[in-house]
Each structure stands twice: as C-alpha cells, then as structure tokens.
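Input: a single structure, listed below in structure tokens.
Derivation of every value follows stated rules applied to the coordinates shown; laboratory data play no part. Treat the numbers as computed from the prediction; the structure is a model and nothing was measured. Please note: Cβ atoms are built from the backbone with ideal geometry, for glycine as well, and neighbour counts cover all protein chains shown.
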Amino acid sequence: MHRNRRTMLAGYLLAALGVAACGGSSKSPSAEVSASSTSVTAPLGYQASHAGGTLHLLLNASAGSIDPVPASQVPIVQADADVYDGLMGFVKAPGPAGNVVVPDLARSMPLVSNGGKTYTFTLRKGIRFSNGTLVTVQDVLSSLRRIYTVPSGVAGGLFTSFVGASLCLKTPSACTLAGGVSADPSADTVTITLTAPDPNILLKLALPAASIVPPNAPRHNGGDTPIPGTGPYMVASYGPNSALTLVRNPYFREWSAAAQPQGYPNEIVETFGVPVESEVTEVEQGQADGVLDPLPADRLTELSTKYASQVHVSLTPDTNYFALNTRVPPFTNLAARQAVNWAINRDAVVRLLGGTQVATPLCTFLPPSVPGYEHTCQYTIGSSATYSGPDLTKARQLMRQSGDAGAPVSVYTANDPVSEAMGGYMVSVLNQLGFKGQLRALTNAVVGAYFSNSKNKVQAMLSGWFPDYVAPSDYLLNNLSCASFYPDSAANYNQAEFCNKPIDAQMYRALSAQATAPARADSLWAKADEAVMRLAPEVPLYANKQVDFVSKRVGHYAYNDQFYMLIDQLWVR
Amino acid sequence: MSVQPGQVSSEIDPPSETPGESPPSGLWRVASGQLAHNRAAMGALLVLVVIVAACVAAPLYARYVAHTNPFQFNVSGTTVSDGKTVPVLQQSTTGLRLGVTPIGPTWSLSHYFLGADNDGRDVFARLLYGGRTSLVIGAGSAVLCCLLATIIALIAGYFGGIVDGVLSRLMDFVWAFPVYLLAISLSVVLLASGGLNVGPLHLASNSLWVPTLIIAGCYLPYVARPIRGQVLSLRRSEFVEAAVGVGASDVRIIFRDLVPNILPTVIVFAPLMMAINMLTESALSFLSIGVRPPNASWGTIINDGIGLLYTRPAVTIAPGLALAVVAVALNVLGDGVREAFDPRGRRFGRV
C-alpha cells in the first residue's frame, strides 16, 4: 500500500512540481518543466505492423452525451481522449505515469508570470480538426468559454480560478471570460489569467472538459451529435442506445507521442445494451474484444482460472462509498450516519466484489494511492490502525440515540449485478439497524444525474469518484466542500449535500499549501479527510482494482490512471 | 326447492344426470370417495401436503435448526463443513485468485444443507421461505381468479344481452394479449409507478398482492369463458326455466340453481390454475418483476443462482425442482378432481 502511495506521489509531484516552480516567479520555468515533461517519451512505442482492424468493445448501458465538457462516465472519457485534445494532455502511458501532464496542442509548457497567476501558451501550428479546418487561438478562446456554457459540474467544481469565471458561472449565456483568457493571433499565443495561483491549473487544462473544439460547436451540451476534434480518431456515428463508432481522423498527424500517440485499430466500435454476462461470454468466445463494464463477481473465478492471460488487474485511484444525504431524513441525524458507518462491514463489501485481489476495504475518503491518504480507520472494531470489522453494538447504541428506528430508507444504486448485490447488502445492514430499507436500482445511463440532483431527495446511494486528476483536492473539494454542492442540479458532485465551514477552511488551507509545501499539504488533507469522516456524510467502502477482460487476439494492453484501458493502443492484429 | 351444494334442483333433474341414477344428493361424497380411490391423485396430494408443511415450518427450521436469517447477507460468515469451520464465501485459490465462490451443499440440515448463494444466505432456508411465497401467490391468485371468473361468468351468462356483450368483449380483450406479455407489462408499469394506487387502496410495489392480482387478472378470461358457456347452457335448461316460471328471483336462481352446478367445474379449475399461476409467478420473479426483495420466491432464487450455474448448480436446481414437483402434483391432483367431479367422466368411466 505504501509502495503504491509513493509511486503515485512521484507522478503527482512531477505534475505539481512544474506548477510549484512557476509560482511566484516572473521568469519562465518552462525550460525546467519541459525537461521533465519531454523526458516522458512515447510510452508504448508505435509498431506499425500492428495497425489496422476493428476493435469491438461492449457496454451494458450507454453513457449519455458524447460532448467532452460534461463527459464523466469512463467509456465516454475513454472515447473522448482519442477524439479531442486540450492545450495540455495527460501522458498516455501505463499506470501512474499517466498522471503527468505534458503540452498537447500547446507547443511547450506555458510561460508563467504574475506570481503564478498568468499562463501564456503558444499553440502548435498546422493542426487541423477532423473537419479539415485549422486550429486557431480563437478556437481555444471559444472552447474555454464553452466550459461554462455547457451545463456540467466541471465549471463550478474546477474552473473557478479564471478571471471572469464568477460571471460565467452566474450567467453562462453572457460568458466572455474577459480579462481571464485572451488570444494573440499574430503570435499564436493564448494567455490565461487567474484570480489566484492554482496549483492544479495545468491538470485541469488537460481534462476532456478543456478540449479544443471548433468555434461553431454548440454553446450548449452537444448531446449525441459529435463535435469535430483533433485526436487520432473521429466519431463516425453515435447512437446512445446502440453503438459508438470511432474511425481514423484523416487530418491527424502525430505531434506528441506522449500526449496523443497515433492509435492502432482503424475502427473502434462500442456496442451498447449488452447484458454484462453476455459481454463476458462474447469476449470468451472471441466475438468481441473487451468488456467496458465492471466484471460480474460470479464470473471472476472462471475468468482468472481459464482466461488468466486475458485478464488484467490494475490498481485504480478510485474511491467508492455509500453516500448518506445529510439534508434528507433520517441522515440529517449525525448519530444515524455514524451508526451506519459502524455497522457496515467493509470486508463483506470486498467479498461481494470478488475478494481481496479485486478491492481493499477503505475507511477514508482518499484512497491509498492518493497523496494525503492516511492508513487509519475511525469506524472499526479494535484498533483504529487498520480495518478489522464492524461494531454492531456501537451501531445499535447510536441508533437508539438517534431515535430513527423504523425510518424508511431507499437505497439507490446502478442496476448492474455488482452494484445491485452491494445495494442489497446495504439494505440488509440498514434493516439490521432498524431502518426500513428498500433497494432502488436505476440504469447506469441515469444514475449519476439522478443521484446528484437534490430535487430527487435521494436518501442513500452507492457511488464512487473517478478522479479528474490524482490530487486530494479533486476528491475532497469536489465532493465534500460547501462550494461543491449545487442544489437542484444534475451537475452537483456533492451527493451527500455536505457542508461544514470549519472543514472547508481546513481544505482550502491544504490547497494553498500544496504549491509551496506539499508534505504539509498532505498532512492537512489527511486531517480534513479525518474531520469529514467524523461527521460521517459518507461510508467509505473500498478502493478497487480495475479488472479488464479482453479477447485472445488483443495485444498491447495498458492501463492508465486517467483513461483506464488505453483502447486506441490495443492491437487487434 | 332447496338444494345441497353441488346438487341440482330437487324439482327438475339436470340434463347431465343419468336417468335412473339415484339423486345426486351425495355428489360431494361420491366425488370425494372417488378421489380417495385415485392413487395418483392421493400421491400428489401427499406430496403437496409434505411440501406445504415444510414451507410452513420455514421459520422454525431457520431459527431452531439452521440458526440463520435467510434474508440477511452473511458474506463474512462461517459454517461447518466436514467438521471444519469454513467461510461461507470462499476466496478463489486458483489462477489470478480473483472472485469468491459460495459454499456448496454440506448435506447437514444445521449447516447450509444446500449451500449458500452469492450473498452468503442459506439456500435451503430460502427455498422453504420462497416456497411459502410461491404457494401463497399461486393459491391466492388461483382462488381470486376462479372467484372473479365465476362472478363474471354468472352475470354474463345469466343476464345475457348487452351485459354479456360487454363482459365477453372485455374478456376477449384480455385474452387477445399473450399472458406473459400482459403480465410483464403490468408488472413493469406497477413497479415503475411504485405500486398500485386505486382510491384508498395502496399496494407497495414489493407487496405480494401485486403479483397475485396481476396473475389473477391475466388468467381471468381463461376460466371465465368456459364457465360462462356452462352458465349459458344451464340458463336454457328446463329446471332453470321452471324456476323462472314459478317466479324465483334472479339472485335465488343464481345461488340456488346455477352456482351448485358450476361449482364442480370451478373446483376442477382451482388446482390447475394454481399450478399455472405458480409457474407464471416464477417466470415474473425470475425476470425480477414479480416478487421483490426482501421477499423470496422460487423464481427469485432461480434468478439468484443463474450466475452460479456452473459452480453451484444446487442454487438453481433446487427451486426449479421444487417448482416442477409442485406443478406436476397439482396437475395430477387436478386431473383426479376433474375425474371425480365431472359427471360425463363418471358416466364414461362406468362404460
């Protein structure tokens, strides 16, 4: 566990270092940062003999809009990563190396000035969108404004530090980012000005939401209509209930093997609506190449025994939890929330997922692979050094104290077999405590939006956080800060609707320390995490491993913390 | 003009009775006597009694023998197999060591007799509890279906004219839908809308009444139509005409002349409908649109075991087998009841 943490920390520091070096300096640190970034070379090395063929992937439910701004579901993020580019990009390399950012459409690392508040990017020349038009600095401007006009949780959660962002967040239709983003077409430069130094700004600019798209892209959510991009693939067709087809972008030429290497398959087809069990069977029989859903627990033994060479297990930076809505009874009551935390057996949850080779119990919101993680457990029987099991006696005491016995609780979950089994377990525990639990399973395509919208008054839900980038702020500030709660909006990530001002202050202290004193920042993040868990808005459950199952013909598998299975790097011939 | 249940009018013999035969004052006695001499039917009845008794005793078994709560997850629990304490869900030890497998049958009544399911629950205890649910829904919907069908058939057949036209077309309308398609559609709609809300009547989506009502409603025309035909025939019979002629009221004619004559048919239908309804309930529950958690039925248990078909087939086979045995037993009993009650059958039997 510690080894993983250090590994991730190294990657995280590489990214943060570049920014930290920039803070407070008026001279360009780009040389230093570029050195670290250019040392990240083509991670996988292109082998032309393996190019070609069609990669067939299967997914149970569609993942909604294909627009890169609101993209949050993994299959869409994976596809968008092959279609779009931003000024910066995450390295498409296996494992934690994928958390490092490198220049993508920007020619080099930005020139940082004004005490870390101004970033000047120079755009690469000659890059074209898949519709043939040249990428210009004006496109960068319109694309960055689009972050605010397309409804999503990204703008309010991550892009608040641009000058002019507050107006854009308040009145998206009037968003100009005046004073925040400006372009100089003669020099091919784009200048971004921040209200305060943001240690994560380069990571944020590498996210799909900051993808550069043509100026005529809709200012609203593009939905099912593909928008041209600059990546190695373009969307040939997309039916949210049928399939997504990516074909080669005829205008693509590789400019950075680290940020956007050319892909191998000529065509990538994701078919939706296939039951997970059938997905596994089809891949076993070679009728498809990969499963994009979590593998059903009951097939894991069979797969890991009979198809071991086709199964790939990788540690993810995800955190998975049972969110308790702090604004809807009965979980407005701290004692009720703590009772649930004491009662849930994390070991049982891990078993339901397929055992310790697939997941590890989690007691904190930050998972082990993230800086700021501390290996402690507040809700365990015995010593708090490690998780040893639930304490039902304490849980029942708290339930009596809460006076909430008999309260009905609807537990929401996605309707895939693994989530439903976990949901069933949660209901079983709630009933043991004296609640009247009921399971409600929703299709994967709507769970995120439904859980997030406070209008739905979801009492308890099984959810998870797939980080935008591996930094503690992305976990805690996005999910548990007062600012991250957006009432009556599907763009709300704070599903527990938790807000505690003193803890907020702790988080912002940690964030500001991140650029200058990373070790102190980690300790502050750990304390903030511990303080949040004391108030129990969520029950952290497990840190999981990604288990991918691919067909026999697939080669060159690589897992990346940002994009999971690098689908464009798979060989099918 | 009083008659015994199951007996025709004392003034005018029914057309189906054999001339010279002793008055059918003992139709029930004769029928039950004949049923008692039908070995196959009695064997089926015995099987049913044993299964029903076992299912009724489910809480006793779970509490005092297996010491388990079959509705509670026991993912981290242990049990005893071959004298050793073993986890209920066992971590894979082969290949990449991914996944867990529930314990298989131990054949010890006090320790997971038929093994565990994916959630660590005792399959045998769930089988008994599931049997209660399946039997209750099967019997409840059969009784409800036969009762409603009888009422509709009596009204339609006796009053005829526009009443018959409306009721018969309504039945035709329901008949026009394939049973499973109609049942699935109704189940999905009721599940999605959170249950059934009609005036002051509210049924939660996980209430057992929901599948019971749906199944009873879907099979209504299959029972109502033949009974209506019989009522139509009886309506034109001499003893009913005579009753009308002497000024008997409609209610009196229906209850004293018609009901006793159609009752044997309804009784013949009951076990057959119960078997069909149990199969339908299982199909709906298998599709996760019948019985809802925390309840279990044989259909839901079969569904639970689908993922374990290769490793722990007992989870699926046991409820499937129980369902098959009960369905066959009900059909054999139904045949016995039909032979015992059907006058035509009796006459042919004598020949």
All-pairs alpha carbon distance profile, segment B:134-310, 5 Å steps from 0, percent: 1, 8, 16, 17, 16, 13, 10, 7, 5, 3, 2, 1, 0, 0, 0
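Just to confirm a number: summing +1 for Lys and Arg and -1 for Asp and Glu over residues other than A:MET533 whose beta-carbon lies under 12 angstrom from that of A:MET533, what do you get?
Numbers: positive: A:ARG337, A:LYS527, A:ARG534; negative: A:GLU374, A:ASP529, A:GLU530, A:GLU538.
Once all neighbours under 12 Å are counted, the net charge is -1.
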Give the calculated FRET efficiency between A:LEU334 and A:SER489 to the nearest 0.05, with a Förster radius of 35 Å applied to their Cβ-Cβ distance. 0.85
Efficiency of FRET from Cβ geometry, B:LEU309 and A:ALA519, R₀ 41 Å, rounded to 0.05: 0.20
Relative contact order as a percentage, chain B, C-alpha pairs under 8 Å and 6+ apart, gives 24 percent
Bin by bin, in steps of 10 Å, what percent of the Cα pairs in segment B:101-140 do you find, going until the bin that has the longest distance? 32, 42, 21, 5
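Can you tell me, using C-alpha contacts under 8 Å and at least 6 residues apart, the relative contact order of segment B:164-218 as a whole percent?
Relative contact order here is 32 percent.
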For segment A:406-455 and segment B:74-100, compute the distance between their C-alpha centroids and round to whole Å. 27 Å
Overall Cα dimensions of segment A:358-409, principal axis frame, Å, largest first: 39, 25, 22
In sequence order, what are the phi-derived ³J(HN,Hα) couplings for segment B:206-220 according to the Karplus relation 6.51 cos²θ - 1.76 cosθ + 1.60 with θ = phi - 60°, rounded to whole Hz, with x for glycine and proline? 9, 6, 5, 5, 5, x, 4, 5, 4, 5, 4, x, 5, 9, 3
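Please report A:HIS56, A:HIS50 as a ranked list, fewest other C-beta atoms within 10 angstrom at the top and most at the bottom.
Working: A:HIS56 22, A:HIS50 16.
Ordered by Cβ neighbours within 10 Å, fewest first: A:HIS50, A:HIS56.
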Please give me the summed charge of the neighbours of A:LEU303: other residues whose Cβ is under 14 Å from its Cβ, Lys and Arg +1, Asp and Glu -1. -3
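If we count every other residue with Cβ under 10 angstrom of A:ASP289's Cβ, Lys/Arg +1 and Asp/Glu -1, where does the sum land?
+1
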Hey, if you drop one equal point scatterer on each alpha-carbon of segment A:61-271 and run the Debye formula without solvent, what base-10 log of I(q)/I(0) do you get at q = 0.10, 0.12, 0.15 Å⁻¹? -0.39, -0.57, -0.91
From the phi of every residue in segment A:82-95, what ³J(HN,Hα) in whole Hz does the Karplus formula 6.51 cos²θ - 1.76 cosθ + 1.60 yield, where θ is phi - 60° and glycine or proline is x? 8, 10, 10, 9, x, 4, 10, x, 7, 5, 8, 10, x, x
Modelling each spin label as a point 7 Å along the Cα-to-Cβ direction, I'd like the A:LYS306/A:ASN114 distance in nm, to one decimal. 6.2 nm
Among B:LEU186, B:LEU48, B:LEU201, which one shows the highest mean-square fluctuation when chain B is modelled as a Gaussian network with alpha-carbon springs under 10 Å? B:LEU201
Pop out the ³J(HN,Hα) list for segment A:246-255 in order, Karplus 6.51 cos²θ - 1.76 cosθ + 1.60 with θ = phi - 60°, rounded to Hz; leave Gly and Pro as x. 10, 10, 5, 7, x, 9, 7, 9, 5, 10
For segment B:223-320, run through the chymotrypsin sites (Phe, Trp or Tyr not before Pro) and keep only the ones in DSSP coil with at most 16 other Cβ atoms within 10 Å of their Cβ. B:TYR310
Going by amide H atoms built from the backbone, whose H comes under 5 Å of the H on A:GLY89, apart from near neighbours? A:VAL102, A:ASP104
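I need the calculated FRET efficiency for the pair B:LEU148 and A:GLU254, taking r as the beta carbon distance and R₀ as 45 Å, to the nearest 0.05. Intermediate values should be presented prior to the final figure.
On the way: r = 73 Å, r/R0 = 1.62.
Computed FRET efficiency for B:LEU148 and A:GLU254 comes out at 0.05.
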Just want the ordering: A:SER383, B:SER81, A:SER62, from fewest to most Cβ atoms lying within 10 Å of their own Cβ. A:SER383, B:SER81, A:SER62
At 4 °C and 1.567 mPa s, what whole-number value in µm²/s does Stokes-Einstein give for the translational diffusion of the protein assembly as shown, with Rh from the Kirkwood sum over Cα pairs? 41 µm²/s
Can you list the aspartates and glutamates whose alpha carbon sits under 15 Å from that of A:LYS457, skipping same-chain ones fewer than 8 residues off? A:ASP488, A:GLU497
Inter-site label distance for A:THR386 and A:VAL313 at 7 Å from Cα along Cβ, in nm: 1.8 nm
Can you sort A:GLU254, B:GLU339 so the residue with the fewest Cβ neighbours within 10 Å comes first? A:GLU254, B:GLU339
Exactly which chymotrypsin sites (Phe, Trp or Tyr not before Pro) in segment B:28-124 are in a DSSP loop and have at most 15 other Cβ atoms within 10 Å? B:TRP107
